[in-house]
Structure formats: C-alpha cells, structure tokens
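Worksheet: the structure to be examined is printed underneath.
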Amino acid sequence: MSGHGDPIPMMSQRGPGLAGEAHVPGDKSISHRSLILGAMAVGETVIEGLLEGQDVLDTAKAMRAFGADVTDHGGGRWSVHGVGVGGFAEPDGVIDCGNSGTGVRLIMGAMATSPIAVTFTGDASLCSRPMGRVTDPLALFGARAEGREGGRLPMTITGATDPMPVRYTVPVPSAQVKSAVLLAGLNAPGKTVVIEQEATRDHTERMLAGFGAEIVVEETAEGRVITLTGQPELAPQHITVPRDPSSAAFPVCAALIAEGSDVLVPNIGLNPTRAGLFETLREMGADLTYENPREEGGEPVADLRARYSPDMKGIEVPPARAASMIDEYPVLSVVAAFADGPTVMRGVKELRVKESDRIDAMAQGLRAAGVEVEEGEDWWIVHGRGQGNVPGGATVESRLDHRIAMSFLVMGLATNAAMRVDDGGPIATSFPVFEPLMTGLGASVARA
Ligand code: S3P
C-alpha cells in the first residue's frame with residue numbers, strides 16, 4: 001500500500017472576507033482521460049492545463065509503465081505519445097494509483113482487453129474501496145481479476161486474449177464504471193453497449209468522439225444507451241482542459257459564507273452533468289451568477305461570481321440531481337450549516353464509497369462543530385443554524401479524503417471559533433494550490 005508523507009495539520013478562521021480572482025486548476029476527470037486516451041491513440045497528443053495533482057500524476061506514471069511516452073513540458077503543458085488501441089505493454093512493476101478511484105478504475109478498463117497481467121494497488125483509502133463494480137463487467141469481456149476479499153486492492157487483472165464485446169447496464173450511477181466498460185470496449189471487436197439509468201458525467205463519451213471513435217448516445221426508455229464500435233484507430237488530439245467545477249466549488253462556497261466576500265472564479269466548465277451544485281446553491285438563495293457564458297471546446301463555460309449570501313435557506317436537493325454534484329455534497333453540507341433550516345439530501349448512497357464514507361465523515365465533523373445532522377444509509381439532513389450561529393472550534397479527521405479536508409477548512413472561514421483538520425496532505429491529490437489560492441483571496445487558511 002502506498003501513502004503520502006507525514007500528516008499536515010491545518011486550520012482556518014474568520015477574516016475580513018474573500019476578494020479577487022480564483023484561478024482553479026484543470027478538471028481532474030478530463031485530465032485522467034486525456035492521459036489514458038492519449039496513450040491509446042497513435043501519435044502525439046498535446047494537453048494544455050493538465051491538473052498536476054497527485055491523482056493525475058499517478059495516472060501519468062501508469063501510462064509510462066504501459067509503454068506510452070509521457071512528457072511534462074512545464075506550465076501545465078504535457079504530451080503523450082500513444083501506443084494505439086491494444087498496444088499496451090505489460091508493466092514491469094505494480095501499478096500504484098495512490099488515492100485515485102478514477103485512475104485505477106479507468107486504467108483497469110483500458111487494459112482489460114489486452115493479453116497482459118497487471119497488479120494494481122493504492123493507499124489505505126483506495127485499498128478499502130470496492131472494485132467489483134468494475135471487475136464484474138470486465139469479466140464479461142473475458143478478463144480475470146484476483147484481489148483481496150470484497151474485491152479490494154491489491155488486485156491482479158489478466159486481460160482477455162480474445163475479448164468479446166459486451167452489452168452492460170451499469171447497476172450504480174457511476175461514470176467510472178461506465179468509462180471502464182467503454183475503454184475496455186475499445187479493444188473488443190464489434191459493438192460494446194453501455195446503458196446507464198441515470199446520466200453521469202459524460203467526458204469519456206465526448207472525448208472518445210473527439211479522438212475519432214464511432215460512438216452513439218441515445219436517450220431511450222431503458223436509459224442512456226451508449227454504443228461504441230471497437231478497434232478504432234484513435235487520432236491524437238490537442239486538448240485544452242477546462243478548469244474543474246469541483247475545485248471551483250471551494251472558493252465559491254467560501255465566498256458565500258464568509259462575510260464581506262466577492263470572488264470571481266473564471267473559466268469554469270458548466271457541463272450539465274457536473275454543474276448540479278451551482279444550481280442547488282442558487283435555489284438556496286446564493287448570490288452566485290454566471291458571467292460571460294460561452295462555449296469552449298464543445299463545453300459550456302462561464303466565469304462564476306460568488307458574493308457573501310447571509311440569507312440562504314435550506315432546501316430539499318432533488319435526488320435526480322445527485323450524479324451531477326456527487327463530489328460536492330461535502331462542501332454543500334458546510335454551506336447548509338450556515339443556511340436557515342434543514343437541507344435534505346437523498347439518493348446519495350454512493351457518498352459512502354468515495355475516498356472516505358463522506359456522509360459519516362461530514363456528519364461527525366459537523367456535529368463536532370455544533371451542527372445537528374441526521375443520517376441514514378442513503379440520505380442525510382443538515383440542520384442549518386443561520387449565518388453567525390455556527391460554533392466551530394473542532395478538530396476534524398480528513399480520513400485521506402481531500403474533499404473532507406477542504407470542506408472543513410472552508411467552514412472555518414465563517415464559524416465563531418477556528419476549525420482544524422488533522423491532515424491537509426490529501427488536498428494535493430486534486431487541488432495542490434488550494435492553500436495559496438485561498439490565502440491569495442485573503443482567507444485565513446494555514447498550516448497549524
Ligand atoms: C469520476 C466519477 C465519480 C466522481 C469522481 C470522478 C470520474 O465517481 O466521484 O471524483 O472522473 O469518472 P463514480 O463514478 O464512482 O461516481
């Protein structure tokens with residue numbers, strides 16, 4: 001099992017309010033996919049604005065181990081010289097995906113239809129997460145998986161020698177599972193069909209089309225039916241990675257709850273499969289506007305402007321919106337603590353199997369900070385205390401989960417007493433510049 005270094009205790013406290021522009025890093029989902037699809041294309045893919053967080057760096061390292069030539073040119077510009085669909089070499093060593101569920105699951109899919117054996121591992125968080133949701137459909141292609149009990153890492157996958165195309169209905173709303181099946185389908189002959197009942201982030205579909213694969217998406221009574229024709233030659237691309245809405249969520253939410261704030265977060269991707277948080281915040285009464293809305297690289301993009309919003313109200317978040325904001329529930333629950341009345345979040349069972357059990361991690365931390373929380377297996381309710389009435393003063397465990405650490409550091413910017421997290425180290429997996437970005441806006445966030 002891998003891990004990161006010594007714990008980095010951090011704290012945050014109230015200050016004069018946040019102001020200025022927050023340039024958040026590139027989108028994590030798109031960054032992983034750019035490297036993996038680049039490695040499966042023939043020729044050189046250039047990526048601008050790659051997220052250089054540890055999760056993505058681990059995927060870059062993995063692509064090198066499979067034989068792709070991956071080069072960091074500095075300033076977020078990377079290139080990948082791909083080996084073509086079906087061209088992966090068997091790595092010499094173990095593939096360590098660190099903290100990244102997206103990295104490991106997508107790479108498992110990408111190698112599962114090549115005749116190679118690969119052993120995967122990760123940190124303690126990743127080694128506790130379920131992989132059966134990916135290895136079950138990969139078995140239909142003919143791949144074999146041997147791991148620890150409950151389908152946990154470390155795990156060895158032996159790819160199919162004679163892969164067969166599959167037709168698979170994804171049983172949980174998961175873009176990682178959908179994407180693993182599609183990437184496996186690339187090296188299977190014929191048509192691989194993936195059906196999802198709830199739409200999840202569609203970056204894999206969009207990017208496969210961009211790389212020249214034949215992929216058709218139909219909305220039917222069965223759900224979203226995605227048909228991919230296998231064994232294409234993928235053409236290398238020039239990709240500009242949009243900035244990550246899931247990272248933008250932190251300065252946006254901080255500005256909404258920290259008195260006197262006015263923050264602009266430019267160039268945020270607002271793909272509808274990702275933008276659920278912003279819609280929810282607006283329904284709660286947040287002063288959050290989309291400035292200069294435009295299209296870039298086929299994706300809707302805008303500059304987000306968030307201002308201090310003392311009169312937000314708790315709402316019932318529509319369960320149908322869950323997939324489009326699944327990574328944002330932790331920070332939403334922080335905003336909910338400062339709203340008036342309960343915020344009800346249902347249909348969110350998937351939060352239990354993220355980098356940590358996010359319902360449990362947030363509920364415990366919020367309670368320690370004086371906020372009442374009710375929870376069940378797939379729902380939770382945060383009873384908002386209203387602006388100025390949230391005690392804080394707690395030290396919270398981040399549980400190897402970047403979003404738990406960042407959520408509680410955002411919270412401390414508006415609680416009556418400072419908040420502390422035991423380890424801010426995991427923040428580097430997705431948002432390595434979080435601390436300087438927040439302090440640059442005037443936030444009082446520091447290593448304790
Ligand atoms: C991701 C999908 C989501 C999300 C994760 C990134 C992706 O996971 O939580 O941070 O890039 O496909 P699930 O597929 O498990 O919902």
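The values are calculated or read from the model by the stated rules, or taken from the named source; none is laboratory data. Computed from a prediction, not measured in an experiment: that's the story for all the values here. Every residue, glycine among them, receives a Cβ derived from its backbone with ideal geometry; neighbour counts consider all protein chains shown. Just the protein is used for accessible areas: all its heavy atoms, side chains included, with ligands, DNA and RNA removed. Shrake-Rupley method; radii C 1.70, N 1.55, O 1.52, S 1.80 Å.
Let me make sure I get this right: for segment 351-448, a, b and c are the square roots of the gyration tensor eigenvalues over alpha carbons, sorted descending. Under 1.5 in a/c it's rounded, otherwise prolate if a/b > b/c, else oblate. Which is it? Taking the square roots of the gyration eigenvalues as a ≥ b ≥ c, segment 351-448 is oblate. Suppose we look only past 36 Å in the calculated P(r) of the chain. What percent of the Cα-Cα pairs does that tail hold? Here the long-distance tail beyond 36 Å is 24 percent of all Cα pairs in the chain.
Two decimals is fine: what is log10 I(q)/I(0) at q = 0.21 Å⁻¹ for segment 23-133, from a Debye sum with one equal scatterer on every Cα and no solvent? After summing over all Cα pairs, the log10 values are -1.13. Radius of gyration over Kirkwood radius for segment 28-229, both on Cα atoms: the Rg/Rh ratio is 0.94. When the pairs Lys61/Lys178; Lys28/Lys61; Lys28/Lys349; Lys28/Lys191; Lys28/Lys313; Lys61/Lys354 are compared against a 25 Å limit on Cα-Cα distance, Lys28/Lys191; Lys28/Lys313 fall above it. P(r) for segment 186-290, from all Cα pairs and a bin width of 5 Å, is 2, 10, 16, 17, 13, 13, 11, 8, 6, 3, 1, 0 %, short bins first.
Starting from the Cα coordinates of segment 241-334, work out the convex hull volume and express it per residue in Å³.
It comes to 84 Å³ per residue, whole-number rounded.
The amide H of Gly20, built 1.01 Å from its N in the peptide plane, has Asp262, Leu264 as neighbours under 5 Å, considering only residues 5 or more places off or on other chains.
Helical runs (DSSP H, four residues minimum) scored at -39500 (n - 2.57) apiece and divided by the length of the chain put the mean residue ellipticity at 222 nm at -8000 deg cm²/dmol. Near the amide H of Ala143, within less than 5 Å, lie the amide hydrogens of Ala160, all on another chain or at least 5 residues away, with H placed in the peptide plane. Here the Gaussian network model covers the chain, with springs between Cα atoms less than 10 Å apart; of Glu259, Glu295, Glu328, Glu295 fluctuates the most.
On a per residue basis, the chain carries 35 Å² of accessible surface, using protein heavy atoms and a 1.4 Å probe. Translational diffusion coefficient, Stokes-Einstein: compute it for segment 4-85 using the Kirkwood radius over C-alpha pairs as Rh, at 10 °C and 1.306 mPa s, and state it as an integer in µm² s⁻¹. Result for D is 110 µm²/s. Our coupling estimate for segment 407-417, obtained by passing each phi through the Karplus curve with A = 6.51, B = -1.76, C = 1.60 and θ = phi - 60°, is 4, 6, 5, 5, 4, x, 6, 9, 7, 5, 10 Hz, Gly and Pro reported as x. From most to least packed by mean Cβ count within 10 Å, the peptides 367-374, 354-361 give 354-361, 367-374. Here segment 385-448 has 47 percent of its accessible surface on carbon and sulfur atoms, given a 1.4 Å probe and all protein chains in place. Scalar couplings 3J(HN,Hα) for segment 345-353, obtained by applying the Karplus form with A = 6.51, B = -1.76, C = 1.60 to θ = phi - 60°, are 10, 10, x, 10, 4, 4, 4, 6, 10 Hz; x denotes Gly and Pro.
Per-atom-type breakdown for segment 28-229 gives carbon and sulfur 49% of the accessible area (1.4 Å probe, protein chains only).
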